[in-house]
DNA sequence: CCGTCACCTTGATCTGGATCAATTCTCCTC
DNA sequence: GAGGAGAATTGATCCAGATCAAGGTGACGG
């Protein structure tokens, strides 16, 4: 199986053989599969090993006093569910499986060893954490300043690009195991309204949603509809690595980014110089 | 001057003399004062030194296509504005001064040295970062699942407790330099509505807001109004350190937390054991 | 002491999205 | 292939919060 964690972190920097082997070793740890709807980690739990999503789709969610649930972030293959393990006593939210989901269970000590032994991998993990925060901030903007249509379009754009990065898809289609109920929990809208917005996006010819697969028919218009700017994902290397990835992240990456990268080599060197 | 960074991190763990001295050294770096309204760091900027808020109030914000602004997080004394410096090419959002704000400018290398030399301080920084993420997630819940009244009450509770932790206040009053416009940007509501909700909270005898100072008259009812549960701040040591801090964080810390901490000493030891 | 500028407050009206209430699709299971 | 249960859709109505439109209020500089 390909290693989504390595694919993701390669957005940040290139790895040598040893680093790559270490990442592959992490992803090859014993895995566990959770059925759609299952709670992977519950709020209040103190986890001993770090869950790396290998396949499927999970979400960070919190159960509300009224029994409802708010989804705060989606976890696609390559994402780590609980890096807080090192320092926090207990999870302050749930991790739930949106699709049938397989996670590698990486002993915390294995990551800690990595952190003391490779400063490049440490930086990569730090990058991943910072990017996760940026995604959370983008969700705050969604909810605070974007209407239903923008919000949904934004989430679709983000999922597409994140799936592409880890090679789950290479065209404009991606798995969409979410039920409307879950899209409701993620967007803070009602199912009736989510349904109507989806209809509208379909009617406008922006997307097709069938059999739990979304196909984006018009990337540019969907981006515009969601005010989508991928800068916050900090895909430093997308346009430099190889044509394959370029295709994958495709035109969702902003043009300004391309320009920035023209002469970014020495910048990167200086950032990573302390290696 | 007291060191708000040390006060904050002491919520996570106790430090020895050397560690404490290092934290004090960081806070004693050359500082810069920004006037209310100034942009401390602009989106797209590549910062060389890390900004630690010493006094005042700042915010993470993003400027929207329509010219508006969304505030995503508040930065109180003790908060670091830009730990992403190590790994990201450029800031993906602005840091703006809400009040006149003083920041210590800590050279990135100084933090990096700390990370290689003290695993306890590394963990403390990691804790701080994880807690910041938890605060972002709480803001998503605010916007996705709480109405105007709950949202504002929640933010007030959070600011009070965060100010208490770093010793800015020791009673139920705290500086509130926000103009209603900024509360609007943080809550995603309109100024008219924010105004009405504030009136209501005043009329109900929950708060007094005068001369840029909020006084919480009824902590319990305000907590209830905002569905406030401080667990997400992970104030591990609040109840154990000394009566002073206990007073400071006060009854905003949930009771379940107290119980959890009864026999948490060995848990903490195991977490920090690798020191 | 007067203008003015930024902020706060209040009232009237409007609307995006919520709520309530059926119906129609899927699948799935037996 | 009948029966059901979760999911998607559609229509009708409602409401929290937006928008529009005036006033107040207070802190200044001249």
Seminar exercise, completed: The condition from (1) surrounded by fewer than 20 Cβ atoms within 10 Å (Cβ to Cβ); (2) under 15 Å from residue A:87 (Cα atoms); (3) at pLDDT 95 or above that residue B:121 misses is numbered (1)
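What do you reckon, is residue A:143 at the interface with chain B (Cβ under 10 Å from one of its Cβ atoms) and touching a strand residue (DSSP E or B) at 6+ places or on another chain (Cβ under 6 Å)? Quick ask: steps written out before the conclusion?
Working: at the interface with chain B (Cβ under 10 Å from one of its Cβ atoms): yes; touching a strand residue (DSSP E or B) at 6+ places or on another chain (Cβ under 6 Å): no.
Answer is no for this residue.
Of all residues in segment A:23-44, which are outside any loop (DSSP other than H, G, I, E, B) and over 26 Å from residue A:6 (Cβ atoms)?
Initial filter on segment A:23-44 (outside any loop (DSSP other than H, G, I, E, B)): A:23-27, A:31-34, A:39-41.
Correct list: A:39 only.
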Exercise. Residues in segment B:138-159: is at least one more than 16 Å from DNA strand C (Cβ to nearest atom), within 30 Å of residue A:230 (Cα to Cα) and at pLDDT 95 or above?
Worked result: yes
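If a residue has to be surrounded by 14 or more Cβ atoms within 10 Å (Cβ to Cβ) and either near DNA strand D (Cβ under 10 Å from one of its atoms) or in contact (Cβ under 8 Å) with a residue 60 or more places away in the chain (or both) to count, how many in segment A:198-209 make the cut? Outline the logic, then answer.
Pass one, segment A:198-209, residues surrounded by 14 or more Cβ atoms within 10 Å (Cβ to Cβ): A:198, A:200-202, A:204, A:206-209.
Cutting the leftovers down to either near DNA strand D (Cβ under 10 Å from one of its atoms) or in contact (Cβ under 8 Å) with a residue 60 or more places away in the chain (or both) gives us A:198, A:200, A:202, A:209.
Residues meeting the conditions: 4.
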For this session: Evaluate the following for residue A:244: is it at pLDDT 90 or above, more than 30 Å from residue B:45 (Cβ to Cβ) and either more than 16 Å from DNA strand C (Cβ to nearest atom) or outside any helix (DSSP H, G or I) (or both)?
Result: no
Exercise. Looking at segment A:22-37, which of its residues are surrounded by 14 or more Cβ atoms within 10 Å (Cβ to Cβ) and within 16 Å of DNA strand C (Cβ to nearest atom)?
Worked result: A:36
For this session: Kindly indicate which of B:153, B:148 is surrounded by 20 or more Cβ atoms within 10 Å (Cβ to Cβ), more than 10 Å from chain A (Cβ to nearest Cβ) and closer than 24 Å to residue B:219 by Cβ.
Result: B:153
Exercise. Of the residues in segment A:175-192, how many are surrounded by 14 or more Cβ atoms within 10 Å (Cβ to Cβ), within 14 Å of chain B (Cβ to nearest Cβ) and either more than 19 Å from the chain's Cα centre (by Cα) or more than 9 Å from DNA strand C (Cβ to nearest atom) (or both)?
Worked result: 6
Exercise. Taking residue B:198, is it within 9 Å of DNA strand C (Cβ to nearest atom) and either closer than 19 Å to residue B:97 by Cα or within 14 Å of another protein chain (Cβ to nearest Cβ) (or both)?
Worked result: no
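Out of curiosity, is residue B:169 surrounded by fewer than 20 Cβ atoms within 10 Å (Cβ to Cβ), farther than 16 Å from residue B:70 by Cβ and away from DNA strand D (no atom under 16 Å from the Cβ)? Reasoning before the result, please.
On the way: surrounded by fewer than 20 Cβ atoms within 10 Å (Cβ to Cβ): yes; farther than 16 Å from residue B:70 by Cβ: yes; away from DNA strand D (no atom under 16 Å from the Cβ): yes.
The answer is yes for residue B:169.
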Exercise. Would you pick out the residues in segment A:210-235 that are within 11 Å of DNA strand D (Cβ to nearest atom) and touching a residue at least 24 places away in the same chain (Cβ under 8 Å)?
Worked result: A:212
For this session: Kindly check whether there is at least one residue in segment B:211-226 that is within 11 Å of DNA strand C (Cβ to nearest atom) and more than 17 Å from the chain's Cα centre (by Cα).
Result: yes
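Starting from residues that are without any contact (Cβ under 8 Å) to a residue 40 or more places away in the chain and more than 10 Å from chain A (Cβ to nearest Cβ), keep the ones in segment B:61-112 and report whichever is surrounded by the most Cβ atoms within 10 Å (Cβ to Cβ). Break it down stepwise before answering.
Initially, segment B:61-112 is screened for residues without any contact (Cβ under 8 Å) to a residue 40 or more places away in the chain, giving B:62-67, B:75, B:84-88, B:109, B:112.
Next cut, more than 10 Å from chain A (Cβ to nearest Cβ) only: B:63, B:67, B:75.
Details: B:63: 15, B:67: 6, B:75: 25.
Going through the qualifying residues, I end up with B:75.
Please enumerate the residues belonging to segment B:92-109 that are touching a helix residue (DSSP H, G or I) at 6+ places or on another chain (Cβ under 7 Å) and at pLDDT 95 or above.
Filtering segment B:92-109 for residues touching a helix residue (DSSP H, G or I) at 6+ places or on another chain (Cβ under 7 Å) gives B:92-93, B:98, B:104, B:106, B:108.
Correct list: B:92, B:93, B:98, B:104, B:106.
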For this session: Kindly list the number of the only condition in (1) within 14 Å of chain B (Cβ to nearest Cβ); (2) away from DNA strand C (no atom under 16 Å from the Cβ); (3) in contact with a strand residue (DSSP E or B) (Cβ under 7 Å, 6 or more places away or on another chain) that fails for residue A:130.
Result: (3)
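The values are calculated or read from the model by the stated rules, or taken from the named source; none is laboratory data. Quick caveat: nothing in here was measured; it's all calculated off a predicted structure. Note: ideal-geometry Cβ built from the backbone for every residue, glycine included; neighbour counts use all protein chains shown.
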